Amino acid sequence: MNPAVRVRLAGWYARYDSWQGPDAMLRRSPAQAWFHRRAAGRLAVLGYHGVEDPTTFAAHLDLLQRSFVPVSLEQVEEAAHGGRTLPAHSVLVTFDDGDRSVYTHALPMLAERGIPAVCFVIPGLVGASAPFWWDEAEHLVRHGGTTHRIPPTRPEFTPHTLKQLSERDRQLALAELRATATVPSPRPRQLTAAECRALEEGGVVVGNHTLTHPCLDRCDDDQVRTEVLEAHERLTELLGRPPSSFAYPNGNVDERAHRFLSQAGYRSGFLYNHRLAAPGARHPLRIDRLVVSSRTSVDRLETILSGLHPALFRVGRRAARVVARVGQPLSSRS
């Protein structure tokens, strides 16, 4: 797809995700009731990142405890490998990236309610004082950073645009942004090794999210091997056990990563495609996940868990692709 079309779509996704006006109406609709019944035999894997809104996140957990069946990674892996079937309306809570708020905010709330979870961390950042690269890129563009490797775009869309580059070019583009920005990026504290172990002791399993969080399908063979296997080695040393679960950065599946994960004995791998999952029906290293954040309203969360919101999102995405392509000159369409 043409890069300009991808940027337009990124803007549409952001606007769509922030528009929660009709959620209360949808939650009370006959469609929601129908989707909820149909979803009873599916698994809802919620894919959070940080906990930006602890109050709303607590309301999410209360809903899960009241109306659903929170399950553990071990239960999901057993079902994915042909073992015991999961209960109706099962939910697995997951977090990507290893934001410290998972330790400071999510862990005590999960432990209080006895809800298990998984946190996929980036071992290359554990114990560091460094930003996530996508936060850094946005900050640098907001402060005058430029690179010739991507077209000019709004700062919040810069990370999405950088994801379309090869991993080598993405790193070079970040170097150019750092060299031209007037204000360097802040250096936040990341999770420490001790905090990762404390997550596990509190019922939050730590999984692999690659060494530095590139899009694996933009990496060369050596980069994929390093990102998957060096991360695996570091986590094994840190945790005292080999991790069994992996989440693909950005949800981008890569066959080479798939092979390395299989060789290393991984029992589960998670996508980020905003779909309900059916453990056992797909390969265990490609389990569907739902996109959610701690700012998502409880009304919307209910429609996400039923599959209604994902269905509407797919319809809207197809429509946005058509609109974005129609707006392009014929010569630039792919």
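Things worth noting here:
- Members of the range 92-109 that are touching a strand residue (DSSP E or B) at 6+ places or on another chain (Cβ under 7 Å), surrounded by fewer than 22 Cβ atoms within 10 Å (Cβ to Cβ) and over 15 Å from Phe132 (Cα atoms): Leu107
- Qualifying residues in the range 216-232 (those that are within 18 Å of the chain's Cα centre (by Cα) and open to solvent by less than 10 Å² (accessible area, probe 1.4 Å)) - the one farthest from Gly114 (Cα to Cα): Leu216
- The residue of the range 15-52 that is nearest to the chain's Cα centre (by Cα), among those that are modelled with pLDDT under 90 and open to solvent by less than 50 Å² (accessible area, probe 1.4 Å), is Tyr16.
- Pairing each residue of the range 168-187 that is more than 20 Å from Pro151 (Cα to Cα) with any residue that is in a loop (DSSP other than H, G, I, E, B) and open to solvent by 20 Å² or more (accessible area, probe 1.4 Å), provided the two are 6+ apart or on different chains, yields C-beta distances under 6 Å for Val183/His143.
- Close pairs from the range 103-119: first closer than 18 Å to Leu239 by Cα, partner acidic (Asp, Glu), Cβ under 6 Å, at least 6 apart: Tyr103/Glu195
- A single entry from Leu261, Leu238 fulfils the requirement of being in contact with a Gly (Cβ under 7 Å, 6 or more places away or on another chain), at pLDDT 95 or above, in a helix (DSSP H, G or I) and buried (at least 16 other Cβ atoms within 10 Å of the Cβ): Leu261.
- For Asp254, the conditions (1) farther than 16 Å from Val45 by Cα; (2) more than 18 Å from the chain's Cα centre (by Cα) all hold with the exception of (2).
- Unmet requirement for Pro279, which otherwise passes all of (1) touching a strand residue (DSSP E or B) at 6+ places or on another chain (Cβ under 8 Å); (2) open to solvent by 10 Å² or more (accessible area, probe 1.4 Å); (3) on the phi < 0 side of the Ramachandran plot; (4) modelled with pLDDT of 95 or more: (4)
- Within the range 121-212, helices (runs of 4 or more DSSP H) holding 3 or more residues that are modelled with pLDDT of 95 or more, open to solvent by 20 Å² or more (accessible area, probe 1.4 Å) and not aliphatic (A, V, I, L, M): 133-142, 167-180, 193-201
- With respect to the stated conditions, Leu290 fails to be farther than 30 Å from Gln263 by Cβ, crowded, with 16+ Cβ neighbours inside 10 Å, modelled with pLDDT of 95 or more and among the aliphatic types (A, V, I, L, M).
- For the range 192-225, the set of residues classified as more than 24 Å from Gln164 (Cβ to Cβ) and without any contact (Cβ under 8 Å) to a residue 24 or more places away in the chain consists of Ala194, Glu201, listed by residue number.
- Check on Ala58, in a helix (DSSP H, G or I), of a type in the set (Gly, Ala, Ser), under 21 Å from Glu201 (Cα atoms) and open to solvent by 10 Å² or more (accessible area, probe 1.4 Å): yes
- Residue list for the range 282-309, filter: farther than 16 Å from Arg38 by Cα and of a type in the set (A, V, I, L, M, F, W, C): Leu285, Ile287, Leu290, Val291, Val292, Val298, Leu301
The values are calculated or read from the model by the stated rules, or taken from the named source; none is laboratory data. What you see is a predicted model; the values in this text were computed from it and never measured. Glycine gets a Cβ as well: all are built from the backbone with ideal geometry, and neighbour counts include every protein chain shown. SASA here: full protein model, heavy atoms, side chains in, ligands and nucleic acids out. Shrake-Rupley method; radii C 1.70, N 1.55, O 1.52, S 1.80 Å.
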